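Comments concern the structure below.
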Amino acid sequence: MKITVWGNELPAWTSAAALAESGNHVQIVTGLDHSGNKNEIAFKVSNEPGLQQCLDQAIADNRLVSVTADEGQTASSHIICLNPDEYSTAKEIVQSLAKYQQNNLLIINQSNFGVGSTDKLQLLLDEQNNQVMAYLPDMLAEGSALKDFKHPETLIVGCSNDWAMLNIKALMRPFSQSLKQWMIMSPKEAEFTKFANTGMLALRLGYINELANLADQLDVDIEVIREGMISDPRIGPHYLHPGCGFGGLHFQQYIEGLSELMEEARNSKLLDTVLVENEKQKEQPFRKLWRHYQCDLKDRTVTIWGLSFKPGTASIDNAPSLKTIETLLAQGCKIMVHDPEASKNIAQYFGDNEQLEIVDCCYQALQNSDGLLLLTEWPEYWSPEYDEMLNRMRSPLIVDGRNIFDKEMLQSLGFTYYGVGR
Amino acid sequence: MSPKDTQAWTDLQSHAYYMSQSHISTLFQESPDRFSQFGFAQDDLLLDLSKQRITDETLSLLIKLAKERDLKGWTEDLFNGKHINDSEDRPALHTALRTPKGDKLEVDGVEIIEEVHQNLERMDAIVNKIHSGQWRGYTGHSINTVVNIGVGGSDLGPFMACKALSENQPAEARALKVHFVSSMDGSQLADLLSHLNPARTLFVISSKSFTTIDTLANANTAKEWLKASSNEASESVLVARHFIGVSASPDKALSWGIPESNQLAFWDWTGGRYSMWSTIGLPIALKLGAKGFREVLAGAHAMDCHFRDTPFEQNLPVLIAMIGIWNINFLNINAHAILPYDGRLSHIPAYLEQLEMESNGKSVTRDGKATDYSTCPILWGEVGTNAQHAFYQLLHQGTESVMCDFIVAARRYHDTDNAELQHQHQLNLANCLAQSRILALGDSVIEGAEDAPVYKRYKGNQPCTTILLDELTPYTFGQLIAMYEHKVFVQSVIWDINPFDQWGVELGKKVATTLLEALGPEAATSDFDSSTQGLLQHIAMRNQ
């Protein structure tokens, strides 16, 4: 099949890579620049495990080419993966495709423009002649995007046209072998479902963090409470790990979109509160350190382990490390940071700053440190060499922003330990 | 020499004898083009004196009086830092507070402009730290609420400015709430504390002497509130994270517990009611950002230059002051209404009440003699459109002569597309113009008024000044307030009084101390007058 993917972010490149790998001829249009210039890739492919290799292979095999907008029109199937604020670009694309390809035109919207936007774009098309918009929510998590695209458990499709549905099933056939179910609904319902799922996850994270903060005040261990909660089959274990806040670009954008919609349409602050509290939660490790040192951190040396917004990615979009570093800099600290993947991104983000030192060895980052803040639960941090840590640190203080350490053991080794809700 | 001994005073008295018979409406009939004669502009500010009971001759005699009183010499002394506050032996240098960086002024052997700017820069650093969310409270959360605790000059100016210019908040300041607390009885504070989050609240304690009992009583209540809400942080940590002191007495602030790093200074040559241009303006800078605060200072500085360098005939502060002298001393008008036609300026009457009445509400000349002429009138005011439903009845049909200042902005809401609000501004302007017209000209402004019953008649002849701002901005606001400051100074020169002291507020503080003791259990009350004794006994009985 000849497919054009419109977009320049993670979902666009992931779709392009996966579709090309399964034999399609994929063209990607990264911008609507009619001069024929092709844009640089807008996000860091290297942040995403496996994606770069997959793209290189597809390009080498000539199954993936980057083309101009005019060339992109020539396919009969299109996937639009734009940013939430690029609705007018999407409109422009759909309008020009409608003119170019007057029948049997399938356009799959994979962008987060809000509930009802796919239907609005359909109004620019002629369904009588099989010009159809469908909505296929992206189920990608940053750090495992390619895997998520290629091995979905469920596929939600927003499509009310039989001809289009046939084509979508054909397109997704390589990825639907182990699929548990197809969920077919109207585009508007599918958009709502995607929003609803994301919102639910955010609420669970917000709730467990709120409980953890309460547990801190009531001097109980949130881990015990959490285990009690997840033993209830109605609740289950997912998205119930307390920590120092969620980040990432994609997840945050969906929640912000939903939060705005809820506030506009329902005057509801429910998700806005989750977002506001999440921003505060990102500073939770800083606050524990702040209180430990009687609200004065001037000239302290502070170590951070983990800079990416979650393990398995080099992305620092909305990561707790950003706020934490900014705050520590403002308080006059010297900061030594380590991350297996995200160091370069942090160096780029903060530029040259003599208060901030990025080191390659996590133990080196503890030299003469007055405290370690663990912000991302990379596997290599779970069982560190405690003696080495004790030798290096000036004050053996650990603020565990992801609750990965054994509190009792650390205390018995002589560390002062603070977790989230414990 | 008494002002009454000048030739101009004598001439004005004879002129007044003739003018007091005239009616403003007649003056308009005689000289229909009064606006071009008596309208004066500087920058974005227009002063219309045509609805005053004056002629060309009045103005020229008033200017002659200013010259005979050596206003020019006094003005130079003011700007140059001479000790014109003689009873306290110090200069009054509020003009130095808004002098641009790089200028020089040596006072008593010390270069002060540089020091002024060092303090402003220290204030900027604090403002930036708060705006960037990096001023942290005892829990580590960022501060999102500031409560200014001060009274008089440490309250009225910043309070007025924050209200007036709240539409000019930059994005980084919008998340910050700024409150003002002044009353000694704690009622404002108690109300506020009931819904504030101690972890995110910062108190600014503003007191020139750092002994003001009103302010310290509120500050102590705030401190105890913080202590009660935090069982983990020590008092010194709480004070270091939640209190800033703004004072000319750093030692006193320190002994109250505010570390030097949390102190902002100003100088004893800054009078309390002239202090909002100094670090006392911290709440203004928090509201407007450092850049916005500099615009206020720039507007005031522009007025300073205008006042210092412009011939009296075109000099706004001189003209508005001398019109006041005319009304008070020659037309015997002793009431002055301040009528802002702009809700944002709702606090300007209270501000001017202090500025004018605390400065010039005096009856002793600089060489210690009793004045035998009137000085500062009684000032009061309210947002004009609200006052129309309150005390305008007296202005229109009462027995008192009242001079009125109408203050209004020509443009508002022009950069919005809100047609309703734009219409409200037109309504507001229409009312402002209508009221000054009727107050000055009476019901002669309509046809057939003389046929109405007497209780429906409007006699008019209340002298009115209109101050028209192009629009209300930090800059024009600075101009406006500096104009009033200089107006007060000019009048003090004419009346030969020191506008920069306030001995009349001292005795009350002392006597209150003795009464505080008398309110204690088993206190002796026999030293007091029978009224005070009776009241004390009644209070004691009610508290049993």
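Quick grid of which residues meet (1) more than 16 Å from the chain's Cα centre (by Cα); (2) without any contact (Cβ under 8 Å) to a residue 24 or more places away in the chain; (3) not assigned by TED's automatic domain parsing to the domain that holds A:Leu10:
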residue	(1), (2), (3)
A:Lys288	yes, no, yes
A:Gln294	yes, yes, yes
A:Thr303	yes, no, yes
A:Ser308	no, no, yes
A:Thr313	no, no, yes
A:Asn318	no, no, yes
A:Glu326	yes, yes, yes
A:Phe350	yes, no, yes
A:Gln355	yes, no, yes
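Every condition in (1) within 26 Å of B:Gln502 (Cβ to Cβ); (2) outside any helix (DSSP H, G or I); (3) modelled with pLDDT under 95 holds for B:Gly153 except the one numbered (2). Scanning region B:131-143 for residues that are open to solvent by 20 Å² or more (accessible area, probe 1.4 Å) and more than 11 Å from chain A (Cβ to nearest Cβ) yields one hit, B:His131. Residues that are touching a Gly at 6+ places or on another chain (Cβ under 7 Å) and either open to solvent by 30 Å² or more (accessible area, probe 1.4 Å) or basic (Lys, Arg) (or both) within region B:196-216 comprise B:Arg200, B:Lys208, listed in sequence order.
Selection of strands (runs of 3 or more DSSP E) fully inside region B:226-345 by the criterion of at least 1 residues being in contact with a Ser or Thr (Cβ under 6 Å, 6 or more places away or on another chain) and under 19 Å from B:Gln118 (Cβ atoms) returns B:243-247, B:263-265. The set of residues in region B:205-231 that are closer than 26 Å to B:Ser132 by Cα and either within 14 Å of chain A (Cβ to nearest Cβ) or in contact with a Phe, Trp or Tyr (Cβ under 8 Å, 6 or more places away or on another chain) (or both) comprises B:Ile205, B:Ala219, B:Ala222, B:Lys223, B:Leu226, B:Ser229, B:Ser230.
Consider A:Cys333 carefully, then state whether it is at positive phi, in the same structural domain as A:Lys407 (by TED's automatic domain parsing), open to solvent by less than 60 Å² (accessible area, probe 1.4 Å) and of a type in the set (A, V, I, L, M, F, W, C). For A:Cys333, the condition - at positive phi, in the same structural domain as A:Lys407 (by TED's automatic domain parsing), open to solvent by less than 60 Å² (accessible area, probe 1.4 Å) and of a type in the set (A, V, I, L, M, F, W, C) - is not met. Which one is nearest to the other protein chains (Cβ to nearest Cβ) among residues in region B:117-128 that are without any contact (Cβ under 8 Å) to a residue 40 or more places away in the chain and either small (Gly, Ala, Ser) or open to solvent by less than 60 Å² (accessible area, probe 1.4 Å) (or both)? Here the residue is B:Ala125. Taken over region A:294-332, the criterion of being within 22 Å of A:Asn47 (Cα to Cα) and outside any loop (DSSP other than H, G, I, E, B) is satisfied by A:Ile304, A:Trp305, A:Pro320, A:Ser321, A:Leu322, A:Lys323, A:Thr324, A:Ile325.
Exactly one residue among A:Glu283, A:Glu277, A:Glu326 is more than 27 Å from A:Leu390 (Cα to Cα), within 14 Å of chain B (Cβ to nearest Cβ) and of a type outside the set (Val, Ile, Thr), and that residue is A:Glu277. Open to solvent by 10 Å² or more (accessible area, probe 1.4 Å) and within 14 Å of chain A (Cβ to nearest Cβ): does that describe B:Ser249? Here the answer is no, as B:Ser249 does not meet what is asked. Within region A:74-109, restricting attention to residues that are in contact with a strand residue (DSSP E or B) (Cβ under 9 Å, 6 or more places away or on another chain) and over 17 Å from A:Gln122 (Cα atoms), the residue that is least open to solvent (accessible area, probe 1.4 Å) is A:Ala75.
Restricting the search to region B:41-66, which residues are under 16 Å from B:Pro463 (Cβ atoms) and open to solvent by less than 10 Å² (accessible area, probe 1.4 Å)? Of everything in region B:41-66, those that are under 16 Å from B:Pro463 (Cβ atoms) and open to solvent by less than 10 Å² (accessible area, probe 1.4 Å) turn out to be B:Leu47, B:Leu49, B:Ser50, B:Gln52, B:Ile54, B:Thr58, B:Leu62.
Hey, any hits in region A:378-399 for a residue that's open to solvent by 40 Å² or more (accessible area, probe 1.4 Å), closer than 24 Å to A:Gln294 by Cα and within 14 Å of chain B (Cβ to nearest Cβ)? Among the residues of region A:378-399, not one is open to solvent by 40 Å² or more (accessible area, probe 1.4 Å), closer than 24 Å to A:Gln294 by Cα and within 14 Å of chain B (Cβ to nearest Cβ), which makes the answer no. Within region B:431-443, is there a residue that is touching a strand residue (DSSP E or B) at 6+ places or on another chain (Cβ under 9 Å), in a helix (DSSP H, G or I), among the hydroxyl-bearing types (Ser, Thr, Tyr) and crowded, with 17+ Cβ neighbours inside 10 Å? Looking for residues that are touching a strand residue (DSSP E or B) at 6+ places or on another chain (Cβ under 9 Å), in a helix (DSSP H, G or I), among the hydroxyl-bearing types (Ser, Thr, Tyr) and crowded, with 17+ Cβ neighbours inside 10 Å, one finds at least one in region B:431-443, hence yes. The residue of region B:87-101 that is farthest from B:Ala265 (Cα to Cα), among those that are of a type in the set (D, E, K, R) and open to solvent by less than 70 Å² (accessible area, probe 1.4 Å), is B:Glu88.
Only residues that are within 10 Å of B:Leu47 (Cα to Cα) and charged (D, E, K, R) were counted in region B:309-324, giving 0. Being within 19 Å of the chain's Cα centre (by Cα), more than 22 Å from A:Leu55 (Cα to Cα), open to solvent by less than 50 Å² (accessible area, probe 1.4 Å) and assigned by TED's automatic domain parsing to the domain that holds A:Glu92 is a property that A:Phe113 has. Of all residues in region A:239-257, none satisfies being within 30 Å of A:Val115 (Cβ to Cβ) and either assigned by TED's automatic domain parsing to the domain that holds A:Ile404 or exposed (fewer than 12 other Cβ atoms within 10 Å of the Cβ) (or both).
The residue list A:Leu106, A:Leu179, A:Leu166, A:Leu140 contains one member that is in contact (Cβ under 8 Å) with a residue 40 or more places away in the chain and either basic (Lys, Arg) or more than 30 Å from A:Ala265 (Cβ to Cβ) (or both), which is A:Leu106. Of the residues making up region B:444-475, those that are of a type in the set (A, V, I, L, M, F, W, C) and surrounded by fewer than 18 Cβ atoms within 10 Å (Cβ to Cβ) are B:Val445, B:Ile446, B:Ala449, B:Ala452, B:Val454. The residues on offer are B:Arg412, B:Arg437, and the sole one that is of a type in the set (Lys, Arg), in the same structural domain as B:Lys51 (by TED's automatic domain parsing), farther than 19 Å from B:Asn327 by Cβ and modelled with pLDDT of 95 or more is B:Arg412.
Go through the residues of region B:102-114 one by one and say whether even a single one is within 14 Å of chain A (Cβ to nearest Cβ), β-branched (Val, Ile, Thr), open to solvent by less than 30 Å² (accessible area, probe 1.4 Å) and not in a helix (DSSP H, G or I). No: region B:102-114 contains no residue that is within 14 Å of chain A (Cβ to nearest Cβ), β-branched (Val, Ile, Thr), open to solvent by less than 30 Å² (accessible area, probe 1.4 Å) and not in a helix (DSSP H, G or I). Scan region A:286-310 for residues that are away from every other protein chain (no Cβ under 14 Å) and on the phi < 0 side of the Ramachandran plot and the total you get is 8. Considering region A:175-225, and only residues there that are among the aliphatic types (A, V, I, L, M) and either over 16 Å from A:Leu240 (Cβ atoms) or part of a loop (DSSP other than H, G, I, E, B) (or both), the residue that is most open to solvent (accessible area, probe 1.4 Å) turns out to be A:Leu218. Only residues that are within 25 Å of the chain's Cα centre (by Cα) and of a type outside the set (S, T, N, Q) were counted across region A:147-170, and they come to 11.
The values are calculated or read from the model by the stated rules, or taken from the named source; none is laboratory data. Predicted model only: the values in this text are computed from it and were never measured. Every residue, glycine as well, gets a Cβ built from its backbone with ideal geometry; the counts of neighbours run over all protein chains shown. Heavy atoms of the whole protein, side chains included, go into the accessibility calculation; ligands, DNA and RNA do not. Shrake-Rupley method; radii C 1.70, N 1.55, O 1.52, S 1.80 Å.
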